Amino acid sequence: MAQAGVASRRQSEELIAKGLVKVNGQTVSTPGLKIDPLSDRVEVNGQVLTKPEDLVYILLYKPVGCVSTVSDPQGRPKVTDFLHDISQRVYPVGRLDYDSEGLLLLTNDGELTYALTHPSHEVPKTYLAWVSGVPGPDKLKALARGVELDDGPTAPASVALVGTQNGEGILKITIHEGRNRQVRRMCEHTGHQVQHLRRESIGPLHLGQMKPGQFRHLNPGELRQLKKIAKI
């Protein structure tokens, strides 16, 4: 069900528990039932599932000025607008702010999406943040230890001042959480507002020499590493 894009793995288990899933006309009671997607008829809440699409895994360099969604009521540019000649419907794994840029993974693999976004798996994400002013050692240590935000304290992070530019500090920050605008809020908490933010990596995936708006498919080695870190 996750591979067919119906729901995440956890949501699929909830649908089964509610008795909303049938295989060959029989209601399924446990999520561990093995089926043949080519011959078995699967219904979810009365809707027959079609054959799962081929799974695709796309790495996009998201530019500034587009939303990390597949639709937008305000008509703003979307990350999927940059994906040319991709027949499968893919979805972003997590999000990047409208005014941020950098690495974004898109896929139709619901199981992998769930695993990568589950807090317990602690997939590392590394950012470069250009901030107002130059944070001193005490503030860098505070960011690394964790700061108190309105939705609770942040987990320990890796934080380093890697350069300065026109009076601005350039921070390299690696976090293992996925809160909304977390890096921006962390820096603002210490009095150093983020002027520009770029995500450099997610686990084993890196931007490399890509330019904003470019995308590519993951190679088999990257996919193996990603599944290993996601524990699937």
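The values are calculated or read from the model by the stated rules, or taken from the named source; none is laboratory data. Bear in mind the structure is a predicted one, so any value in this text is a computation, not a measurement. Heads up, the Cβs are rebuilt from the backbone with ideal geometry, glycines too, and the neighbour counts pull from every protein chain shown.
Can you run down the residue pairs with Cβ atoms below 6 Å, 6 or more apart or on separate chains, where the first is in segment 13-42 and without any contact (Cβ under 8 Å) to a residue 24 or more places away in the chain and assigned by TED's automatic domain parsing to the domain that holds G110 and the partner is exposed (fewer than 13 other Cβ atoms within 10 Å of the Cβ) and not charged (D, E, K, R)?
Within 6 Å, no pair qualifies.
Would you be able to tell me the number of residues in segment 185-216 that are outside any strand (DSSP E or B), out of contact with any Lys or Arg (no Cβ under 6 Å at 6 or more places or on another chain) and either buried (at least 16 other Cβ atoms within 10 Å of the Cβ) or touching a residue at least 60 places away in the same chain (Cβ under 8 Å) (or both)?
Here the count works out to 15.
If you go through segment 49-58 one residue at a time, do you hit one that is touching a Ser or Thr at 6+ places or on another chain (Cβ under 6 Å), over 28 Å from E14 (Cβ atoms) and either in contact (Cβ under 8 Å) with a residue 24 or more places away in the chain or surrounded by fewer than 22 Cβ atoms within 10 Å (Cβ to Cβ) (or both)? Give the steps one after another, and end with the answer.
First, the residues of segment 49-58 that are touching a Ser or Thr at 6+ places or on another chain (Cβ under 6 Å): 57.
Narrowing further to those that are over 28 Å from E14 (Cβ atoms): none.
No, segment 49-58 contains no residue that is touching a Ser or Thr at 6+ places or on another chain (Cβ under 6 Å), over 28 Å from E14 (Cβ atoms) and either in contact (Cβ under 8 Å) with a residue 24 or more places away in the chain or surrounded by fewer than 22 Cβ atoms within 10 Å (Cβ to Cβ) (or both).
Go through segment 29-44 and give me each residue that's within 15 Å of R9 (Cα to Cα), surrounded by 12 or more Cβ atoms within 10 Å (Cβ to Cβ) and out of contact with any Leu (no Cβ under 8 Å at 6 or more places or on another chain).
The answer is P31, L33.
Anything in segment 73-101 that is touching a Leu at 6+ places or on another chain (Cβ under 6 Å) and closer than 16 Å to N180 by Cβ? List them, or say none.
Scanning segment 73-101 gives P92, V93, L96, S100.
Table: residues versus (1) more than 26 Å from P212 (Cβ to Cβ); (2) β-branched (V, I, T); (3) assigned to a loop (DSSP other than H, G, I, E, B).
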position: G94; (1), (2), (3): no, no, yes
position: L103; (1), (2), (3): no, no, no
position: T113; (1), (2), (3): no, yes, no
position: V123; (1), (2), (3): no, yes, yes
position: L128; (1), (2), (3): no, no, no
position: L140; (1), (2), (3): yes, no, no
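Restricting the search to segment 79-113, which residues are surrounded by 17 or more Cβ atoms within 10 Å (Cβ to Cβ), over 9 Å from the mean Cα position of the chain (by Cα) and β-branched (V, I, T)?
V79, T80, V90, T107
Taking segment 40-81 on its own, how many of its residues are of a type in the set (D, E) and either within 11 Å of P92 (Cβ to Cβ) or not in a loop (DSSP other than H, G, I, E, B) (or both)?
Counting residues in segment 40-81 that are of a type in the set (D, E) and either within 11 Å of P92 (Cβ to Cβ) or not in a loop (DSSP other than H, G, I, E, B) (or both) gives 2.
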